[in-house]
Amino acid sequence: MKFTTRARYGLRAMVDLAQNYSPHEPVPLIRVAQRQEISEGYLEQLMTYLRKGGLVRSVRGAQGGYLLAKEPARITAGEVIRCLEGPINPTGCVSESEPEACIRAEACATRGMWEKIRVAIVDVLDNTTLEDLCVEAEKILQSKEAGMYNI
């Protein structure tokens, strides 16, 4: 299963907002675009989905930008992915919402495997918060800095 750039870039943008989180200070989209190396136009499209999904708020004006709608610890990667991609479904017959009817369902040797894959993906996504991803990003940064030295 491969997630689209919509999911990957959207999650990166949400982690960026989480890393720069302040409940009252919006982050300008241009800054997120620069840090994440994502086109501002594409990021604006993603933010529209995330705003409609209730995960971010937008603030207009000179000091405007985007804010997370909740604290980073209260937003899961699963919420972000579903907002941008829809239900998790490695195959149509095991989709989270409205699985497709299949005449082979009763005798399908692979259906159980697909269900386990979906459950495993959902488990990881729904148990990983933006705060968890920020902690991971900080570990990576510290690891890189520890490996650097000056002469």
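Numbers below:
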read-out	value
Which listed residue, of ILE103, ILE88, is under 26 Å from VAL135 (Cβ atoms), at pLDDT below 95 and out of contact with any strand residue (DSSP E or B) (no Cβ under 6 Å at 6 or more places or on another chain)	ILE88
Any hit, the stretch 118-137, residues being farther than 30 Å from TYR21 by Cα, in contact (Cβ under 8 Å) with a residue 12 or more places away in the chain, in contact with a helix residue (DSSP H, G or I) (Cβ under 6 Å, 6 or more places away or on another chain) and buried (at least 18 other Cβ atoms within 10 Å of the Cβ)	yes
Candidate set from the stretch 103-117 (those that are loosely packed, with under 11 Cβ neighbours inside 10 Å and either among the small types (Gly, Ala, Ser) or in contact with a His (Cβ under 9 Å, 6 or more places away or on another chain) (or both)); member that is farthest from LEU11 (Cα to Cα)	ALA107
Criterion: of a type outside the set (A, V, I, L, M, F, W, C), under 15 Å from the mean Cα position of the chain (by Cα), part of a loop (DSSP other than H, G, I, E, B) and within 30 Å of ARG118 (Cα to Cα) - qualifying residue of GLY78, GLY54	GLY54
From the options GLU136, GLU131, GLU98, residue that is over 19 Å from ARG6 (Cα atoms) and part of a loop (DSSP other than H, G, I, E, B)	GLU98
Failed criterion for ALA62 (all others in (1) crowded, with 18+ Cβ neighbours inside 10 Å; (2) outside any strand (DSSP E or B) hold)	(1)
Filter pass, THR91 being β-branched (Val, Ile, Thr), touching a helix residue (DSSP H, G or I) at 6+ places or on another chain (Cβ under 9 Å) and touching a residue at least 40 places away in the same chain (Cβ under 8 Å)	no
Some residue of the stretch 34-41 being farther than 23 Å from SER95 by Cα, modelled with pLDDT under 95 and not in a helix (DSSP H, G or I)	no
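The values are calculated or read from the model by the stated rules, or taken from the named source; none is laboratory data. Remember, predicted model here, so these are calculated numbers, not experimental data. Glycine gets a Cβ as well: all are built from the backbone with ideal geometry, and neighbour counts include every protein chain shown.
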